[in-house]
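Presented below is the structure to which this report refers.
The values are calculated or read from the model by the stated rules, or taken from the named source; none is laboratory data. Please read these numbers as outputs of a predicted model, since none were measured by experiment. No Cβ is skipped: glycine too gets one built from the backbone with ideal geometry, and neighbour counts run over all protein chains shown.
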Amino acid sequence: MRFDFTPEEKNFKSQLSSFLDDVLPDDWHGPADESRDDHWDLNQDIKKGLAERGWLVMSWPKEYGGSDSSPMMNTIFAEEMAYRRAPGHDRFGTRMFGPTLMRFGTEEQRTKYLGSIARGEIQWCQGYSEPNSGSDLASLQARAVEDGDDFIVTGAKIWTSLAHRADMMFMLVRTDPEARPHKGISLIIVDMKSPGVEVQPIVNMAGVHSFNQVIFDQVRVPKSNLVGDLNDGWRAGMTVLNFERSGIDYAAWARAALEELVDYVNNDDAEVTAAKSDPTVRIKLAELHMEVEAVRLMCYDVSYRQGKGEIPSAEASMSKVAASEVYLKVLDYGVEILGMYGVLEPGSNQAELQGRFFKMRLFYTSGPILAGTNEIQKNIIAQRGLGLPRK
């Protein structure tokens, strides 16, 4: 693996950093993912700026609005955006569904949707999990019944990020209830403005609204919105997840949080003097720094392998597990150091970091669950990486 960026990669990283310096408020600290909703106007402005510069879908083929850039360039983009906790890129469209559409979609679908994604004109959401189907996704029960030129969709999806902001959803539905669990599933595109679609907000324990439950009551969806073959949606749906699974976001969030924590401990404020002088604190911070840097290298290795034409499925799962776990380690230790001040709401009389750290910890309790639980990722590592048999 190459352990340095090329001149082109360094130049792009510098340009992106300068762009974010210009568009983000001077006092910007995030808050990471949930900012996509809490700061929606800023999200849209940044998305437009990224699209105008050709950075939103750099790795896409030129015919679809990209620039055929290397996977490493894409990783640099994702890392810098996450490190700065910047809103502005619709990962559901750009990272997940767009590449899947290139592989499984019809030419009509690619023409209709890929350009609008590349220009930042459309917001997507993902309809996978259901109230009774999470990690066991093959047990999903949302139905799509054929009726002439349409499907009629009935059921519910849950934990649907940004469904209340989305224009379109790509979702898995059961089209053959008699087939085995992994069979009889199809991937379809649903207009969120369709009659019968109801979005119900879910506020998480950090007090943030980004999740939703979406109810489908006899929603008509044109058959032209079927992606791939009928009853073969599992294959296309898992391709979406392969594009989603990346540890670089978690690694970047961990690095940013750790740097803030180190700055806090090194502060001359009397409240943190004890932590600053405690050698066990400094040793722990050094250990966390080494873990974060090791995880970054794991993520870079995935991009490096992709650039060589490999399909590093097990390695991607490894980086997701390691990065999501080290991020929670950083947040847990931060909350421990901050003590009682750490549970204050941001904006209180105490340092702004103190309440924000605890809120980040609450929000990212879901980290090891998102994009396929870490337990599922470990099964992938065992089977595809180590060649261990299924039991």
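Could you tell me whether Ile311 is of a type outside the set (Gly, Ala, Ser), outside the structural domain of Asn204 (by TED's automatic domain parsing), surrounded by fewer than 19 Cβ atoms within 10 Å (Cβ to Cβ) and modelled with pLDDT under 80? So Ile311 fits the description; yes.
Have a look at Ser210, Ser186 and point out the one that is buried (at least 22 other Cβ atoms within 10 Å of the Cβ), polar (S, T, N, Q), over 18 Å from the mean Cα position of the chain (by Cα) and part of a strand (DSSP E or B).
Of Ser210, Ser186, the one residue that is buried (at least 22 other Cβ atoms within 10 Å of the Cβ), polar (S, T, N, Q), over 18 Å from the mean Cα position of the chain (by Cα) and part of a strand (DSSP E or B) is Ser186.
Scanning segment 69-79 for any residue that is farther than 23 Å from Gly127 by Cβ, acidic (Asp, Glu) and crowded, with 20+ Cβ neighbours inside 10 Å turns up at least one such residue. Going by the structure shown, is Gly127 in contact with a Leu (Cβ under 8 Å, 6 or more places away or on another chain), crowded, with 16+ Cβ neighbours inside 10 Å and under 25 Å from Thr160 (Cα atoms)? Considered against the rule, which asks whether it is in contact with a Leu (Cβ under 8 Å, 6 or more places away or on another chain), crowded, with 16+ Cβ neighbours inside 10 Å and under 25 Å from Thr160 (Cα atoms), Gly127 comes out as yes. Residues that are in a helix (DSSP H, G or I), at pLDDT below 90 and β-branched (Val, Ile, Thr) occur at least once in segment 359-373. Ser116 meets the conditions (1) in contact with a Pro (Cβ under 8 Å, 6 or more places away or on another chain); (2) over 17 Å from Ala236 (Cα atoms); (3) not in a loop (DSSP other than H, G, I, E, B) in every case but one. The failed one is (1).
Would you call Lys276 basic (Lys, Arg), under 17 Å from Tyr333 (Cα atoms), over 19 Å from the mean Cα position of the chain (by Cα) and modelled with pLDDT of 90 or more? No: the conditions fail for Lys276.
Inside segment 140-183, residues that are surrounded by fewer than 20 Cβ atoms within 10 Å (Cβ to Cβ), outside any loop (DSSP other than H, G, I, E, B) and of a type in the set (D, E, K, R) make up a count of 4. Checking each residue in segment 133-161 for being within 21 Å of Pro368 (Cβ to Cβ) and out of contact with any strand residue (DSSP E or B) (no Cβ under 6 Å at 6 or more places or on another chain) picks out Ser133, Gly134, Ser135, Asp136, Leu137, Ala138. Answer yes or no as to whether Gly98 is over 19 Å from Trp253 (Cα atoms), part of a loop (DSSP other than H, G, I, E, B), without any contact (Cβ under 8 Å) to a residue 60 or more places away in the chain and of a type outside the set (S, T, N, Q). Judged against the criteria, Gly98 is not a match.
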